[in-house]
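One structure is given here, and the rest of the page talks about it.
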Amino acid sequence: MYNRIYEKLDHIKDLDERVLLKKIMNSVFQSLEQYSEDTFNKLEERVFNELEYAKEKYDIYSIIIKRNKIDPTDDFLYPILDEDMEEKIYDATEILRSLEEKKHKDMFKIFLKCDYLIFKEFINSHTKIKGIIKTNKKDHEAYFKVVKNKEYTNKVSRLYKSFINSNITWTTINNPYIHKIADVVLVGCQDKIEVDENIVKIEVDFGEYSKYVEYDMIPLWNIKELNLKCNGFPMPCIDKVNYEHDVSIIKEGQANGYLVDSENTDIDYVTFKKESLIISAAVKDTIFWRLLSIISYDKRKIQKYEYEFMTNKVNVNFANKLAFEKPHTIKTKTELARTINSFKASEYLRFNDVKLQEADDKKFNQTYDINDFITDEIREANVKTALILDFEPIDKNNYLNKDILSFLVSEVQLLYPEYKCEGRLL
């Protein structure tokens, strides 16, 4: 374009006009060229400053610990629910009101250290369980029932939305402990509890399931909730609608993975840099942002616990890293086996075989869908073909086998939405 313009200028016969026009055009093109170069350099700097997504920064570790054994100085594990750390206090007034209004009242949680099918049987029994409410005045005979706790799975559902909103690939959470927690609910009392009575203790007879019941157990994971303010003032975006909020993560640790909590609203996009997060949102004021920090695993700092650490970690090698960075459709049994065996959880189960058969909803299933909260997936409502995955347990007496199986099958289900994936232990 420049050459054509200068060629036309050369055809101007008046030398004074030609010199004047050349000076004007040189000034215009010099400014335009400088502006274009500056704009390109800023774009290039922004692209190169954006961190490459590292899968290992988003590995979730989980465990369950008795309340009195939790180390408050531990900077790796945090309660999934903060209220679990509070000592349970029973309010006689609230309990009395619930009984008068014939409403069920959640009393406490229990963890069942048993096989998934035993837990399922326990929850589905729907029988009234006898117990005693001991107060400072007398003992009251009461009736209870157990229901599956949903608070922890709701928190995982919220975590999934945070992954999606932050444009980070979702990997199924391998946390078998939260799927073995039940709420003990008060449904009735033989006689009336007076308002001035103080509840000292509650005893419930779980019958044949009592040997599995553990009290005051708290699920932990390596996710820390943060409230961080952006540095300086938000910068207006080119679209004249959104503003960029620069949130520093230096103090929290640059080795950790970060997500923008799904409870934040009006977010357009999130960009990750080495020392900060750039949040583009239709918010012009300087505010505190809710973030989730996924604490990096450091083997040297990990304490020994009674229960095993569970994780959705993928073993990093060249083949797995290449497959993860450039995902493709898995079409062979060998590729599927490689994908399954890439998870650290595969140390507990040995992948044996895979086959297709007609789906049967009435058929007994050994697994459950961990990602049942994903409702935006594009798939047929009535899947007619089942993908059956056979595994052999390394330790047949491990009570977590079917939960780990459910994790691996749920992850495979994300790969094959056209099938109903089921897992079986041989």
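The values are calculated or read from the model by the stated rules, or taken from the named source; none is laboratory data. Since we're looking at a predicted model, the values are computed, not measured. Cβ coordinates were reconstructed from backbone atoms using ideal geometry, including for glycine residues, and neighbour counts include every protein chain displayed. Heads up: the accessible areas ignore ligands, DNA and RNA and are worked out on the full protein's heavy atoms, side chains in. Shrake-Rupley method; radii C 1.70, N 1.55, O 1.52, S 1.80 Å.
Which one is surrounded by the most Cβ atoms within 10 Å (Cβ to Cβ), of the residues in segment 78-110 that are part of a helix (DSSP H, G or I) and not acidic (D, E)?
I95
Of the residues K229, K211, K299, which single one is surrounded by fewer than 19 Cβ atoms within 10 Å (Cβ to Cβ), free of Cβ contacts under 8 Å to residues at least 12 places away in the same chain and within 24 Å of the chain's Cα centre (by Cα)?
Only one candidate passes the filter, namely K299.
Take segment 235-274 and flag every residue that is over 24 Å from Y61 (Cα atoms) and not in a strand (DSSP E or B).
C237, I238, D239, K240, V241, N242, N264, T265, D266
Determine which single condition I129 fails, assuming it passes every other condition in (1) over 20 Å from K66 (Cα atoms); (2) without any contact (Cβ under 8 Å) to a residue 40 or more places away in the chain.
Among (1) over 20 Å from K66 (Cα atoms); (2) without any contact (Cβ under 8 Å) to a residue 40 or more places away in the chain, I129 violates only (2).
Kindly indicate whether I294 is touching a Gly at 6+ places or on another chain (Cβ under 8 Å) and not aromatic (F, W, Y). Walk me through how you get there before you give the answer.
On the way: touching a Gly at 6+ places or on another chain (Cβ under 8 Å): yes; not aromatic (F, W, Y): yes.
Criteria met by I294.
Tell me which residues, restricted to segment 111-125, are part of a helix (DSSP H, G or I) and in contact with a helix residue (DSSP H, G or I) (Cβ under 8 Å, 6 or more places away or on another chain).
If the condition is that a residue be part of a helix (DSSP H, G or I) and in contact with a helix residue (DSSP H, G or I) (Cβ under 8 Å, 6 or more places away or on another chain), then Y116, L117, I118, F119, F122 are the ones that fit.
Looking only at residues in segment 139-192 that are open to solvent by 10 Å² or more (accessible area, probe 1.4 Å) and among the small types (G, A, S), which one is modelled with the lowest pLDDT?
In this case the residue turns out to be G188.
Of all residues in segment 248-283 being of a type in the set (D, E) and either modelled with pLDDT of 90 or more or surrounded by 18 or more Cβ atoms within 10 Å (Cβ to Cβ) (or both), which is farthest from the chain's Cα centre (by Cα)? Outline the logic, then answer.
Step one: of segment 248-283, the residues of a type in the set (D, E) are 252, 261, 263, 266, 268, 275.
So of that shortlist, the ones also either modelled with pLDDT of 90 or more or surrounded by 18 or more Cβ atoms within 10 Å (Cβ to Cβ) (or both) come out as 252, 261.
Numbers: E252: 19, D261: 10 Å.
Step by step, filter segment 248-283, then rank; the result is E252.
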